[in-house]
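The values are calculated or read from the model by the stated rules, or taken from the named source; none is laboratory data. Quick caveat, the model's predicted, so the values are computed rather than measured. Here Cβ is always computed from backbone atoms with ideal geometry, including for glycine, and neighbour counts include all displayed protein chains. The protein model used for the area step is the full one, side chains on, heavy atoms only, and it has no ligands, DNA or RNA in it. Shrake-Rupley method; radii C 1.70, N 1.55, O 1.52, S 1.80 Å.
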Amino acid sequence: WKAGVNYALNDSIRFRATRSRDIRAPNINELFAAGQTLIGGVTDTKTNATYTVSQTTGGNPYLKPEKADTLTAGVVLTPSFAPRLSVSIDYYDIKVKGAIASLTAQTIVTRCNSGDAASCLLVQRGSDGRISNILLAPVNFQKIITNGIDVEVAYRLPIGNGMLDLRGLTSYVNKLNLVGQNGDVTKFAGNTDQPVLDGPGGTPHWRANVSANYSTDNYRFGITGRYVGGGVITRDDVTLDW
């Protein structure tokens, strides 16, 4: 279901908001992808031992649909003193329950040893207690939580026989968290690490795109710039031996 409101206070200010419940069923690949087995190294944080184990990729036929609660609210400004200027500011807040994601082998082992039951279903241990196989299949995690703000500015200016179009889009991701079944949280906002194979990955807090285009009936020139903010390489504790 979805409910929204769009209200123009006057010719210069317009408010908009949407509240919805959204669902996504797992796709065919997530359910029934054919598997392949590779060999890779992992560190068993339970014993602090590092060794190679078989890692099997494939689908998970027991996945359930994702459910999301989405809220967006914003304002659009078209001031009368600048008739070709448009500014929009929008806030979003999204909570996905039963989020489908695939983690790397090391992240699965770390989360399992921290008590995450969903991750432990993917880890097989032999009679000696060592990990024998890791299933790199998508699973339903507790939830993904994200919120942030998007700002867009557009301005058109006639110059000579053509039109100059200026546009800027800035996004701020305040939060992007993956929550496990036992409540443990993996934070991705402001993180450049990519521990998730299919799902949220590390993303900087700030991103921006700006463009300028000049066009006439006969030709068009354009220039585009992009900014990507920095971030933490990894939030894991790392010990370096020199």
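Does THR45 satisfy being in contact (Cβ under 8 Å) with a residue 24 or more places away in the chain and within 30 Å of LEU103 (Cα to Cα)? Spell out how you get there, then give the answer.
On the way: in contact (Cβ under 8 Å) with a residue 24 or more places away in the chain: yes; within 30 Å of LEU103 (Cα to Cα): yes.
Here the answer is yes, as THR45 does meet what is asked.
Among the residues of segment 133-160, which ones are open to solvent by less than 40 Å² (accessible area, probe 1.4 Å) and either more than 19 Å from ASN29 (Cα to Cα) or of a type in the set (Val, Ile, Thr) (or both)? First the steps, then the outcome.
Quick first cut of segment 133-160, residues open to solvent by less than 40 Å² (accessible area, probe 1.4 Å) only: 133-134, 136-141, 144-148, 154.
Passing the criteria: ASN133, ILE134, VAL139, ILE144, ILE145, THR146, ASN147, GLY148, ALA154.
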Exercise for review: Take the residues in segment 1-27 that are under 26 Å from THR70 (Cα atoms), free of Cβ contacts under 8 Å to residues at least 24 places away in the same chain and surrounded by fewer than 12 Cβ atoms within 10 Å (Cβ to Cβ), then tell me which one is farthest from the chain's Cα centre (by Cα).
Suggested key: LEU9
Practice item. Would you please name the residue that is nearest to ASP116 (Cα to Cα), looking only at residues in segment 168-187 that are more than 10 Å from the chain's Cα centre (by Cα) and at pLDDT 90 or above? Key: ASN174
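Kindly indicate whether ASP165 is farther than 14 Å from GLY231 by Cβ, open to solvent by less than 70 Å² (accessible area, probe 1.4 Å) and either modelled with pLDDT of 85 or more or not basic (Lys, Arg) (or both). Working first, answer last.
On the way: farther than 14 Å from GLY231 by Cβ: yes; open to solvent by less than 70 Å² (accessible area, probe 1.4 Å): yes; either modelled with pLDDT of 85 or more or not basic (Lys, Arg) (or both): yes.
Against the criterion (farther than 14 Å from GLY231 by Cβ, open to solvent by less than 70 Å² (accessible area, probe 1.4 Å) and either modelled with pLDDT of 85 or more or not basic (Lys, Arg) (or both)), ASP165 qualifies.
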Check your understanding: Restricting attention to segment 106-123, does a residue exist that is among the hydroxyl-bearing types (Ser, Thr, Tyr) and modelled with pLDDT of 95 or more?
Key -> no
Study note, to complete from the structure: Among (1) more than 30 Å from GLU152 (Cα to Cα); (2) more than 22 Å from the chain's Cα centre (by Cα); (3) touching a residue at least 40 places away in the same chain (Cβ under 8 Å), SER86 falls short only on (1)
**Study point:** Residues located in segment 1-34, provided they are of a type in the set (Asp, Glu) and assigned to a loop (DSSP other than H, G, I, E, B)
**Key:** ASP11
Check your understanding: For segment 49-59, how many residues are touching a Ser or Thr at 6+ places or on another chain (Cβ under 9 Å), of a type in the set (S, T, N, Q) and exposed (fewer than 12 other Cβ atoms within 10 Å of the Cβ)?
Key -> 1
Practice item. Scan segment 188-241 for residues that are polar (S, T, N, Q), at pLDDT 95 or above and open to solvent by 50 Å² or more (accessible area, probe 1.4 Å) and jot them down. Key: ASN209, THR224
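This table checks each residue for (1) open to solvent by 60 Å² or more (accessible area, probe 1.4 Å); (2) part of a loop (DSSP other than H, G, I, E, B); (3) in contact with a Cys (Cβ under 8 Å, 6 or more places away or on another chain).
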residue	(1), (2), (3)
PRO61	yes, yes, no
LYS67	yes, no, no
GLY74	no, no, no
SER102	no, no, no
ARG111	no, no, no
GLY115	no, yes, no
ASP128	yes, yes, no
Review point. Do you know which residues across segment 76-100 are in a loop (DSSP other than H, G, I, E, B) and loosely packed, with under 15 Cβ neighbours inside 10 Å?
Key: PRO79, SER80, PHE81, ALA82, PRO83, ARG84
